Amino acid sequence: MKKTNVIALASLIAAAFTALTPLQAATAEFAIRDGDRVVFLGDSITEQRQYTTFIEAYTLTRFPQWHITFRNIGWGGDTAQGGLGRAGRDMLPLKPTFVTIDFGMNDHGYRAFEENIFNNYVDKQTQLVALLKDKGARVALLTPQPIEEKRPNPDKDVRNESLRKMSDGLRDVAAKQSVLFADQFDPYMAVMLKARQADPNALIGGGDAVHPGPAGHTIMAWAVLKCLGAPAAVSSAELDGAGGKVIAATDCQITDLKVAGGVVSFTRKDATLPVPIDPAAEGVTNLIPLLADLSRYELKVTGLTAPKYQLLIDDKPAASFTAQELAQGCNLTLTAGPITEQARRIWNLVTDKNNAFFNRWRGVQLFEEPGWAKTPAFEATREKELARIDEQIAQLETRIHASCQPLPHVFVLKPATN
């Protein structure tokens, strides 16, 4: 090939990458892909269907054109050995293409470190990875989160010291097997230790010492998604509020920009949605940089002269900002009025779908009828009920996909009166 042709080809490739938006460029780094059948395998913490719902809702809203299914097969009290034992019954029939595995809390037996328990844990995790890789599935190994007792030094709890060593062993398994590793132990512990510095009795996760509430699960999901390469960008718009010009628009379209009488108005159509956050866990954004790391839904407006502005979206009050805040740029994830509400509706639909699958799997598929009821008629009834719930799940997934599609919205910034 001639040198001039090589240079030309290199220029075309460079131009192609330059043309990618930040979201498009980051997509290639994200572990979950379009068309995946994602399965969450784990113990009772996974069975709670909270950190997994966040991961699912994040993915569906960040990539609204993708078609992905998510199934949670967490089982209370389970271990890596138990997960391996029920893989043929619960996991492989789902034909997963991507699996997250979160074991360790029950494996270590809530005790100080023991070498034989550690070795069994590493061995069974290695076998799980090998089984899934043989079936063509990609794998992410998740460490357990730490135990949260009310004490000033949770890192010195012998159970957490044991979990730390098991997490290190899991890292080695991931490296040897060339699969993803997601450490939620260290980030969660760091948040706990920081909170204890201010208040020795602070409890950040909610729930109990082992099973976090919504806040703890949100911290878990934040840590896991970062390890999976989840992109932070939603979309961003920068406007000149004095000259009425669009300075920059990334992963969104800005039309009908007008400036009149100190009021700025425009229509914004985003390519994606801000992440839904469990309303019960929104306070966790004060503990971790969740929005900066996973949901940068940004608006920047310069040239404004009034001290403070009210933001209306589709004629509904959404938030208030100072001119200085708008000039620096604001993250609207939690304050975007109907857009934030759309994301919350998606959260509720995903929760409903996951509850429906749990009922199908545990309440109908695995239901053990008494001996006197083991008849062809009973099995026919079971199959009919499974089909009914499958249809319910399919309808919910159709609604979720439709609900994830961004819509155009009219934004108005007007000087605030108070």
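Out of region 282-302, which residues are in a strand (DSSP E or B) and β-branched (Val, Ile, Thr)?
Residues satisfying the conditions are Val301, Thr302.
Restricted to region 367-418, and to residues that are at pLDDT below 95 and aliphatic (A, V, I, L, M), which residue is nearest to Leu304 (Cα to Cα)?
Ala416
Taking the stated definitions as given, is Thr126 modelled with pLDDT of 95 or more, within 22 Å of the chain's Cα centre (by Cα) and not aliphatic (A, V, I, L, M)? Before you say what the answer is, go through the steps one by one.
Values: modelled with pLDDT of 95 or more: yes; within 22 Å of the chain's Cα centre (by Cα): no; not aliphatic (A, V, I, L, M): yes.
The answer is no for Thr126.
Mind listing whichever residues of region 169-184 are within 19 Å of Thr52 (Cβ to Cβ) and polar (S, T, N, Q)?
The first filter runs over region 169-184 and keeps only residues within 19 Å of Thr52 (Cβ to Cβ), leaving 170, 179-184.
Gln184, the sole residue that qualifies.
How many residues are under 24 Å from Glu397 (Cβ atoms) and in a loop (DSSP other than H, G, I, E, B) if we restrict to region 73-98?
The qualifying residues number 6.
Sort out which residues of region 169-218 are modelled with pLDDT under 95, of a type outside the set (S, T, N, Q) and either more than 28 Å from Ile117 (Cα to Cα) or touching a strand residue (DSSP E or B) at 6+ places or on another chain (Cβ under 8 Å) (or both), and write them in order of number.
Correct list: Lys194, Ala195, Arg196, Ala198, Asp199, Pro200, Ala202, Leu203, Ile204, Gly206.
When residues of region 145-173 are filtered for being over 24 Å from Gly213 (Cβ atoms) and without any contact (Cβ under 8 Å) to a residue 40 or more places away in the chain, how many remain?
2
Checking Gly109 against (1) on the phi < 0 side of the Ramachandran plot; (2) modelled with pLDDT under 95; (3) not hydrophobic (A, V, I, L, M, F, W, C), which test does it fail?
(1) is the only condition that Gly109 fails.
Quick one: is Leu142 buried (at least 22 other Cβ atoms within 10 Å of the Cβ), under 21 Å from the mean Cα position of the chain (by Cα) and touching a residue at least 12 places away in the same chain (Cβ under 8 Å)? Step through it out loud before you land on a result.
Values: buried (at least 22 other Cβ atoms within 10 Å of the Cβ): yes; under 21 Å from the mean Cα position of the chain (by Cα): yes; touching a residue at least 12 places away in the same chain (Cβ under 8 Å): yes.
It is true that Leu142 is buried (at least 22 other Cβ atoms within 10 Å of the Cβ), under 21 Å from the mean Cα position of the chain (by Cα) and touching a residue at least 12 places away in the same chain (Cβ under 8 Å).
Is it the case that Ile101 is crowded, with 23+ Cβ neighbours inside 10 Å, within 29 Å of Gly213 (Cβ to Cβ) and in the same structural domain as His211 (by TED's automatic domain parsing)? Walk me through it before giving the result.
Numbers: crowded, with 23+ Cβ neighbours inside 10 Å: yes; within 29 Å of Gly213 (Cβ to Cβ): yes; in the same structural domain as His211 (by TED's automatic domain parsing): yes.
Answer is yes for this residue.
Criterion first (in a helix (DSSP H, G or I) and β-branched (Val, Ile, Thr)) does Ile117 satisfy it? Give the steps one after another, and end with the answer.
On the way: in a helix (DSSP H, G or I): yes; β-branched (Val, Ile, Thr): yes.
Taking the combined requirement at face value, the residue satisfies it.
Which residue, of Phe40, Phe54, Phe70, is under 16 Å from the mean Cα position of the chain (by Cα), modelled with pLDDT of 65 or more, in a helix (DSSP H, G or I) and outside the structural domain of Leu294 (by TED's automatic domain parsing)?
Working: Phe40 fails: in a helix (DSSP H, G or I); Phe70 fails: in a helix (DSSP H, G or I).
On inspection, the qualifying residue turns out to be Phe54.
The values are calculated or read from the model by the stated rules, or taken from the named source; none is laboratory data. Just so we're clear, the structure is a prediction, and the values are computed from it rather than from any experiment. In this analysis, Cβ positions are derived from the backbone assuming ideal geometry, glycine residues included, and neighbour counts consider all displayed protein chains.
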